[in-house]
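K.L.:
Dumping the structure here so I can ask a few things about it.
Rule-based calculations on the coordinates, nothing more; no lab input. Note that this is a predicted model, so its numbers are computed, not measured. Positions of Cβ are backbone-derived with ideal geometry, glycine not excepted, and every protein chain shown enters the neighbour counts.
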Amino acid sequence: AQSVTQLGSHVSVSEGALVLLRCNYSSSVPPYLFWYVQYPNQGLQLLLKYTTGATLVKGINGFEAEFKKSETSFHLTKPSAHMSDAAEYFCAVNKGGYGNNRLAFGKGNQVVVIP
Amino acid sequence: EAGVTQSPTHLIKTRGQQVTLRCSPISGHTSVYWYQQALGLGLQFLLWYDEGEERNRGNFPPRFSGRQFPNYSSELNVNALELEDSALYLCASSPGSVVTADTQYFGPGTRLTVL
């Protein structure tokens with residue numbers, strides 16, 4: 001079974017500082033990897049995804065993530081936090097393959113941006 | 001382009017009742033997914049429909065069921081409601097493939113409260 005680990009349920013970051021959210025996965029096959037963001041009382045919005053090819057993936061709102069197969073990681077970063085980045089962030093894995101198109105999510109990181 | 005829509009936005013039911021949630025996918029998408037986001041349990045996969053067929057099911061009891069209509073919209077039915085069914089129910093859609101891992105686009109969710 002595939003699983004996703006996100007450490008630190010709450011992450012505080014100062015405005016203008018680096019945002020780093022860690023995601024590690026376990027999967028028996030190379031997975032497809034996603035980061036989603038959820039603003040209060042809303043659904044999930046796709047930030048970025050990795051399927052194949054370039055391991056450094058750029059997403060919306062200045063976020064990027066790097067797939068490291070040797071470390072089974074897909075950490076999310078943003079060089080400079082903005083107040084509007086306050087939200088909950090979820091890392092998700094999809095093993096793909098026939099009949100396996102389902103997402104397994106991490107527990108999420110609640111990001112608080114301090115002025 | 002309209003996104004995934006869900007109705008109703010909020011629902012309040014009592015234990016033992018039945019509820020139906022509705023989802024309309026993005027135009028052109030044939031796959032619909034249902035997820036439950038319950039407090040303390042995170043996001044859990046419920047059901048996946050594609051081309052009117054149930055393709056995959058998460059670890060939920062049979063009182064959770066659904067269907068997909070010819071226009072690709074979907075319903076999630078929950079019978080004999082229990083208090084722990086209180087959650088945000090998220091619907092997602094994707095272009096549709098039983099082979100590869102499509103990106104899933106989420107709706108705003110239906111907040112179900114069971115009293």
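K.L.:
What fraction of the Cα pairs in the protein assembly as shown, stated in percent, has a spacing above 27 angstrom?
P.N.:
Tail of P(r) above 27 Å: 34 percent of Cα pairs.
K.L.:
What list of ³J(HN,Hα) values in whole Hz, one per residue of region B:46-57 in order, does the Karplus curve 6.51 cos²θ - 1.76 cosθ + 1.60 (θ = phi - 60°) give from phi, with Gly and Pro shown as x?
P.N.:
For region B:46-57, the Karplus curve yields 9, 8, 9, 10, 9, 6, x, 10, 6, 9, 7, 9 Hz.
K.L.:
Where the centre of each part is set by its Cα atoms, how far does region A:42-69 sit from region B:40-114, in angstrom?
P.N.:
24
K.L.:
Which whole-Hz ³J(HN,Hα) couplings does region A:16-22 yield from phi under the Karplus relation 6.51 cos²θ - 1.76 cosθ + 1.60, θ = phi - 60°, glycine and proline marked x?
P.N.:
x, 8, 5, 9, 9, 10, 9
K.L.:
For A:L7 paired with B:N77, estimate the spin-label separation in nm (one decimal), with each label point 7 Å from Cα along the Cα-to-Cβ line.
P.N.:
With each label point 7 Å from Cα toward Cβ, the separation is 4.7 nm.
K.L.:
What distance in nm separates the two pseudo spin-label positions at B:F69 and A:T52, each 7 Å out from Cα along the beta-carbon direction?
P.N.:
The answer from the label model is 3.7 nm.
K.L.:
Okay, moving on. Among B:P62, A:A92, B:Q44, which residue has its Cα furthest toward the positive end of the charge dipole of the protein assembly as shown, with +1 on Lys/Arg Cβ and -1 on Asp/Glu Cβ?
P.N.:
The residue sitting farthest along the positive end of the dipole is B:P62.
K.L.:
Just subtract the alpha-carbon distance of B:T14 and B:E54 from 0.36 nm times their residue separation and send over the number in nm, one decimal.
P.N.:
Value of the extension gain: 11.6 nm.
K.L.:
Counting only C-alpha contacts under 8 Å and six or more residues apart, can you give the relative contact order of chain A as a whole percent?
P.N.:
Dividing the mean separation by the residue count of chain A yields 37 percent.
K.L.:
Taking only pairs that are 8 or more places apart or on different chains, how many Lys pairs in the protein assembly as shown have Cα atoms under 19 angstrom apart?
P.N.:
Lysine pair count for the protein assembly as shown: 13.
K.L.:
Let me ask another. Tell me the relative contact order for region B:25-114 as a rounded percent, counting alpha carbon contacts under 8 Å between residues six or more apart.
P.N.:
31
K.L.:
Another one. I want the local charge near A:Y36. Using Cβ-Cβ distances under 12 Å, sum +1 for each Lys or Arg and -1 for each Asp or Glu among the other residues.
P.N.:
With Lys, Arg at +1 and Asp, Glu at -1, the neighbours total 0.
K.L.:
What does the average come to when, for each residue of peptide A:39-50, you count the partner chain Cβ atoms lying within 10 Å of its Cβ?
P.N.:
Mean partner shielding for this stretch: 4.
K.L.:
Still on this model: Roughly how crowded by other chains is peptide B:52-65, in terms of the mean Cβ count from those chains within 10 Å of each of its Cβ atoms?
P.N.:
That average works out to 1.
K.L.:
Beyond 20 Å, what percent of the Cα pairs of chain B remain?
P.N.:
The proportion of pairs with Cα distances above 20 Å equals 35 percent.
K.L.:
What does the charge add up to near A:L21, with Lys and Arg as +1, Asp and Glu as -1, over the other residues with Cβ less than 11 Å from its Cβ?
P.N.:
That sum, taken over residues with Cβ under 11 Å, equals 0.
K.L.:
Sort B:R63, B:R55, B:R111 so the one with the fewest other Cβ atoms within 10 Å of its own Cβ comes first.
P.N.:
Ascending Cβ contact count within 10 Å gives the list B:R63, B:R111, B:R55.
K.L.:
As I understand it, the dipole of the protein assembly as shown uses +1 on the Cβ of Lys and Arg and -1 on the Cβ of Asp and Glu, about the Cα centre. Which of B:T14, B:F106, A:N109 lies farthest toward its positive end?
P.N.:
Checked the options; the winner is B:T14.
K.L.:
About the Cα centre, and with charges only on the beta carbon of Lys, Arg (+1) and Asp, Glu (-1), how big is the dipole of the protein assembly as shown? Nearest 20 debye, please.
P.N.:
The calculation lands at about 260 debye.
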